């Protein structure tokens, strides 16, 4: 291997991999012009408390660990009451998530993490906006 060759990324295989991804993602998100204010100022997200929980979520999804207990939608619905979560927010979240995954891993689980995030973003955005639309 020459000095310009980077090691080939491996697939997501352990909780430690997922923790590395979630930590790197939130570093990007907190610094992001669009998402940073939502996470920092509005949600006032406590990363020390949140990282184990979100890592549990992704470990359950990607590794089948069954360690996540809770509902992911409710906190987002409560946040949406405080600040309108638009398609732009969800799209930016997906961009940062995918970029983080691709910078660290490659393989079927990495692709599954990206695909699942896309499904979650679509479902959450749809549910948040459906709840705001009066029944006819």
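Just so it is clear, none of the values below were taken in a lab; they were calculated from the coordinates. This structure is a prediction, so every number in the text was calculated from the model and none was measured. Every residue, glycine as well, gets a Cβ built from its backbone with ideal geometry; the counts of neighbours run over all protein chains shown.
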Residues to consider are 92, 109, 119; find the one that is in a helix (DSSP H, G or I), surrounded by 15 or more Cβ atoms within 10 Å (Cβ to Cβ) and within 13 Å of the chain's Cα centre (by Cα). 92
Among (1) within 18 Å of residue 113 (Cα to Cα); (2) within 15 Å of the chain's Cα centre (by Cα); (3) exposed (fewer than 14 other Cβ atoms within 10 Å of the Cβ), there is one condition residue 10 misses while meeting the rest; what is its number? (2)
